[in-house]
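What follows is one structure encoded as structure tokens, with my remarks underneath.
Computed from the coordinates by the stated procedures, all read-outs in this text should not be read as laboratory data. Note that the structure is predicted; figures quoted are calculated from it, not measured. For neighbour counting, all protein chains shown are included, and Cβ atoms are generated from backbone atoms with ideal geometry for every residue, glycine included.
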Amino acid sequence: MVKVVKFGGSSLANAGQFAKVAEIIRSDESRRYVVPSAPGKRNAKDIKVTDMLYNCYALAEAGEDFRFQLKKIKERYDSIINGLNLKISLEEEFQKIAEQFTAKAGTDYAASRGEYLNGIIMAAYLGFEFIDAAEAVCFDQNGEFEADKTDRLLSARLQASKRAVIPGFYGSKEDGTICTFSRGGSDITGSIVAKAVGADLYENWTDVSGFLIADPGIIENPQVIQVITYRELRELSYMGATVLHEDAVFPVRKAGIPINIRNTNAPEEKGTLIVESTCHQPKFTITGIAGKKGFVAVNIDKDMMNSEVGFGRKVLSAFEQNGISFEHMPSGIDTMTIFVHQEEFEGKEQQVLSAIHRLAEPDTIDLEANLALIAVVGRGMRSTRGTAGRIFSALSHANVNVRMIDQGSSELNIIIGVSSQDFEAAIRAIYDIFVTTQL
Ligand code: ASP
């Protein structure tokens, strides 16, 4: 059994957190490959080391004195080293970083040092080999991640190492320039490493006990999702639920490796298991609820729309010509509605309306702003009678007016459009009917 374990920034924010992490790793022999993030926030007002690096490098790039800021960053690492009683020094590393900053080595180089240095400390503390991600995580000249090349190099490199620490978030181009993934990208590195070593499990350790059924900002102490499929996860993440970087799913999904989200501060909890498919029946009919505000409905009316060949295409090309993607498109006999992101649409609304008039010649167009979309997701819905009925009766009891309903053919989700001001009430009503009343 081989496990790859990735630890997020809050799990490595100080020496105390490092000690918890080491205990987790040592308690299971199969936890052989470790992917650390940079030190995160120690409290709500703190600043992540990655952000300190970005700020510090901005000074360097502007030709200003950055040494004081860099010293502050070094202090964060020194306090971890001292707190763990390690006998290593990062003096030389920081000298090199200062030189590279002066030579304007790039924003990605600067940001990547957070993970790089944390990796050095973690390897020394655990007695594992340190492998610089720049050696084996490859990007092309345009900064695009090179999956196949990386997999080949990394597999070969890791085969030679029984236990190793590989810092997350970055890699390098062929010419050696450092390149990072987007923010939160250590999740992706963990996934790449898991695929490269053919791991049995990719454990992603963070500061929550897994994926929650609903946003804890709306529902007090929501239940944790025990098992979720990749497709369900995608639906929920798309609608705003975040725990894992979106791109972290692809490498392991292809290789059939499950991801287990775990809590460093509560290692006894099982967290959420993300799998390709499962016969494990979910505890509740629904797996999760997520949603987003800030949508506009563009309602288009035209008599005999149903019999006009190509009407839909003409309408959609008006959006395409203006570079606007649409979210949902429920339709009736003589009506059709296009849901778009308000932010994206606002600046171009009149161009889009005139393009629709020009291309599709509708009778009327009417806009409705400030809408929210809620996705109720669950593989269990397909085999359960009355799910939609329960959702809508719960919403009606909560006095929420439903403006749109869309159920995908996969029967994996039901999308409900409500007014933004009803958003929280709607989520509470759906959570109550499926979770609270079932407990
Ligand atoms: N340290 C990087 C960030 O703050 C990457 C990561 O933590 O995954 O985005």
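Here the scattering of the chain is modelled by Debye summation over its C-alpha atoms, one equal scatterer each and no solvent; at q = 0.07, 0.13 Å⁻¹ the log10 of I(q)/I(0) is -0.43, -1.16. Converting phi to 3J(HN,Hα) with the Karplus coefficients 6.51, -1.76 and 1.60 and the offset θ = phi - 60°, the stretch 124-134 yields 5, 5, 8, x, 9, 6, 9, 10, 5, 4, 5 Hz in sequence order, with x at every glycine or proline.
Once the dipole of the stretch 141-245 is set up with Lys and Arg at +1 and Asp and Glu at -1 on Cβ about the Cα centre, which of LEU158, GLN226, LEU212 lies farthest towards its positive end? It is LEU158, whose Cα lies furthest towards the positive end.
What ranking do GLU361, GLU327 get, fewest neighbouring Cβ atoms within 10 angstrom at the top?
On the way: GLU361 11, GLU327 18.
Ranked by crowding around the Cβ, least crowded first: GLU361, GLU327.
Separation of the stretch 51-108 from the stretch 192-209 is 29 Å, based on Cα centroids. Here the stretch 1-130 is assigned +1 on the Cβ of each Lys and Arg and -1 on the Cβ of each Asp and Glu. Its dipole about the Cα centre then comes out at about 420 debye. Per residue, the chain reaches -11500 deg cm²/dmol at 222 nm when only DSSP H runs of four or more residues are counted, each adding -39500 (n - 2.57). When the Cα positions of GLN438, ILE427, ALA241 are compared along the charge dipole of the chain, GLN438 comes out farthest toward the positive end, with charges on each C-beta of Lys, Arg, Asp and Glu. Once C-alpha pairs closer than 8 Å and six or more residues apart are averaged by separation and normalised to the residue number of the stretch 30-89, the relative contact order reads 18 percent. Rg over Rh for the stretch 122-197 works out to 0.95, both radii taken from alpha-carbon positions and Rh defined as the Kirkwood radius.
When only Cα pairs under 8 Å and 6 or more residues apart are kept, what is the percent relative contact order across the stretch 259-363? Please report the intermediate quantities before stating the final value.
Working: 108 pairs, mean separation 28.5, N = 105.
Value for the stretch 259-363: 27 percent.
Among the trypsin sites (Lys or Arg not before Pro) in the stretch 5-63, those placed in a DSSP loop whose Cβ has at most 14 other Cβ atoms within 10 Å are LYS45.
For chymotrypsin sites (Phe, Trp or Tyr not before Pro), no site in the stretch 108-173 is both called loop by DSSP and has at most 13 other Cβ atoms within 10 Å. As a length-normalised measure over Cα pairs under 8 Å and 6 or more apart, the relative contact order of the chain settles at 13 percent. On a 0 to 90 degree scale, rounded to 10, what angle separates helix 349-360 from the longest Cα axis of the chain? Rounded to the nearest ten degrees, it is 50. Taking the Cα atoms only, what angle lies between the long axis of helix 311-321 and the longest principal axis of the chain, rounded to 10 degrees? Around 40 degrees separate the two axes. In the stretch 82-186, taking the dipole from charged Cβ atoms about the Cα centre, the farthest positive-side position among ALA124, LEU84, ALA98 is held by LEU84.
The alpha-carbon atoms of the stretch 286-386, seen along their principal axes, cover 44, 33, 19 angstrom, with the largest extent given first. Put in line by how crowded their Cβ is, counting other Cβ atoms within 10 Å and starting with the fewest, VAL35, VAL137, VAL418 read VAL418, VAL137, VAL35. For the stretch 369-421, pairs of C-alpha atoms spaced more than 17 angstrom apart make up 35 percent of the total. Here VAL252, VAL2 are placed in order of increasing Cβ neighbour count within 10 Å, fewest first, which gives VAL2, VAL252. Taking Cα atoms, how many degrees apart are the long axis of helix 186-196 and the longest axis of the chain, rounded to 10 and kept between 0 and 90? Result, in degrees: 80.
Reported value for the stretch 133-281: 125 Å³ per residue, from the convex hull of its C-alpha atoms. From the alpha carbon centroid of the stretch 263-326 to that of the stretch 129-169 is 34 Å. Couplings 3J(HN,Hα) of the stretch 150-158, computed from phi: 4, 4, 4, 5, 5, 4, 4, 5, 7 Hz, in residue order, whole Hz [Karplus 6.51 cos²θ - 1.76 cosθ + 1.60, θ = phi - 60°; x for Gly and Pro].
How big is D, in µm² s⁻¹, for the stretch 199-252 by Stokes-Einstein at 10 °C and 1.306 mPa s if Rh is the Kirkwood radius over C-alpha pairs? Calculated translational D: 130 µm²/s.
Treat every Asp and Glu Cβ in the chain as -1 and every Lys and Arg Cβ as +1, leave all other atoms uncharged, and give the resulting dipole magnitude about the Cα centre to the nearest 20 debye. Intermediate results must be reported in sequence, preceding the final value.
Values: 47 positive and 58 negative charges, 302 e Å.
So the dipole magnitude of the chain works out to roughly 1440 debye.
Past 26 Å, Cα to Cα, is the threshold; run LYS72/LYS270; LYS20/LYS41; LYS45/LYS74; LYS3/LYS173; LYS20/LYS45 against it and keep the listed order. With Cα atoms farther than 26 Å apart: LYS72/LYS270; LYS3/LYS173. Shown here for the stretch 348-439: GluC sites (Glu not before Pro) in loop regions (DSSP other than H, G, I, E, B) with at most 16 other Cβ atoms within 10 Å, namely GLU411.
Its alpha carbons considered, the stretch 1-146 gives a radius of gyration followed by a Dmax of 15.7, 51 Å.
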